[in-house]
1. Surrounded by fewer than 14 Cβ atoms within 10 Å (Cβ to Cβ), of a type outside the set (Lys, Arg) and at pLDDT 70 or above: does that describe GLY72?
2. Go through the stretch 62-77 and report how many residues are free of Cβ contacts under 8 Å to residues at least 40 places away in the same chain, under 17 Å from ILE23 (Cβ atoms) and part of a strand (DSSP E or B).
3. What's the total number of residues in the stretch 94-107 that are in a helix (DSSP H, G or I) and either basic (Lys, Arg) or modelled with pLDDT under 70 (or both)?
4. What single numbered condition from (1) in a strand (DSSP E or B); (2) modelled with pLDDT of 80 or more fails to hold for GLY43?
5. Working only within the stretch 51-61, note down all residues that are part of a strand (DSSP E or B), loosely packed, with under 13 Cβ neighbours inside 10 Å and either at pLDDT 85 or above or of a type outside the set (D, E, K, R) (or both).
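The values are calculated or read from the model by the stated rules, or taken from the named source; none is laboratory data. Predicted model only: the values in this text are computed from it and were never measured. Heads up, the Cβs are rebuilt from the backbone with ideal geometry, glycines too, and the neighbour counts pull from every protein chain shown.
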Amino acid sequence: MSIRIRVRCPECGAEADLTAVDIELIVPTSTGKEDVALEIFDGAGRSVTTLTHSVRKGNRCLFHWSGTDRKGTKLPSGIYLLLPRGEGVAEELRTKGERLILLRQKG
């Protein structure tokens, strides 16, 4: 089981800001239809959002995150923890997760 993070930034130039993060979660499940969510926590351990809508491709769940909280407010630069939730997610990944560093340009 693993999490892969890809950053999409179409205009990646000197003035570029984070446009989106695609997160691929590989979950070995029996049917491939179990609900899987991705909860995102800030550096203080507060849950800032939960991504529930994913595209399923077999045992791969694809999530899209725009760097915002539940209300759609842009989150500041910092370290965020991604924790998968749901049946079929290994205990180790549910408790350890994966870190993501979000950097925004000042301006």
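1. Details: surrounded by fewer than 14 Cβ atoms within 10 Å (Cβ to Cβ): yes; of a type outside the set (Lys, Arg): yes; at pLDDT 70 or above: yes.
Here the answer is yes, as GLY72 does meet what is asked.
2. Count: 1.
3. Of all residues in the stretch 94-107, those in a helix (DSSP H, G or I) come to 94-96.
Retained after the next criterion (residues that are either basic (Lys, Arg) or modelled with pLDDT under 70 (or both)): 94, 96.
Selection size over the stretch 94-107: 2.
4. Evaluating GLY43 over (1) in a strand (DSSP E or B); (2) modelled with pLDDT of 80 or more leaves (1) as the failure.
5. First, pick out the residues of the stretch 51-61 that are part of a strand (DSSP E or B): 51, 55-57, 60-61.
If we keep only those that are loosely packed, with under 13 Cβ neighbours inside 10 Å too, we end up with 55, 57.
If the condition is that a residue be part of a strand (DSSP E or B), loosely packed, with under 13 Cβ neighbours inside 10 Å and either at pLDDT 85 or above or of a type outside the set (D, E, K, R) (or both), then VAL55 is the only one that fits.
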